[in-house]
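The values are calculated or read from the model by the stated rules, or taken from the named source; none is laboratory data. Everything numeric in this text was worked out from a predicted model, so none of it was measured. We place every Cβ from the backbone using ideal geometry, glycine too, and count neighbours over all the protein chains shown.
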Amino acid sequence: MADIDFTDRSPSMALYAENTVGNHDKFYEARVDLGDDGRYYLTKRWGRNPSQRRGGQVKQESYPTMTAATGACHKIFNKKLEEGYVDRPWPHGQLRVPDLTDRTAVEEWLNT
């Protein structure tokens, strides 16, 4: 599957974290976008310098539903947090949806 470039679109969901402990200067970005084909795309981007987010490595996966894509996004993002990354606002504006597999989180999000 060829990667689809969603950088000029607003994502359905985006999470961003940085690891600046010690000599580290890394970022990790995960975003979910709805493709023109009706599938949801999880794009993971990471690299050494947060000021160069367009660079670094990129991996993209597609999912048939928003629930599946956001679930995968939260799973990998939580793993990064466990590895020492710190949750930060997405540099292009904070866009978040709750983990759609967590009914309580969804209800709280809908009531905000």
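Observations, loosely collected:
- Residue in the range 1-32 that is nearest to Lys44 (Cα to Cα), counting only those that are among the aliphatic types (A, V, I, L, M) and surrounded by fewer than 21 Cβ atoms within 10 Å (Cβ to Cβ): Ile4
- Within the range 37-51, restricting attention to residues that are more than 14 Å from the chain's Cα centre (by Cα) and modelled with pLDDT of 90 or more, the residue that is farthest from Gly71 (Cα to Cα) is Asp37.
- Checked against (1) surrounded by fewer than 15 Cβ atoms within 10 Å (Cβ to Cβ); (2) of a type in the set (Gly, Ala, Ser); (3) out of contact with any Phe, Trp or Tyr (no Cβ under 7 Å at 6 or more places or on another chain), Gly35 passes all but condition (3).
- Pairs linking a residue in the range 74-86 that is closer than 16 Å to Thr20 by Cα to a residue that is of a type in the set (A, V, I, L, M, F, W, C) and surrounded by fewer than 15 Cβ atoms within 10 Å (Cβ to Cβ), with Cβ atoms under 8 Å and 6 or more positions apart or on different chains, are Gly84/Val21.
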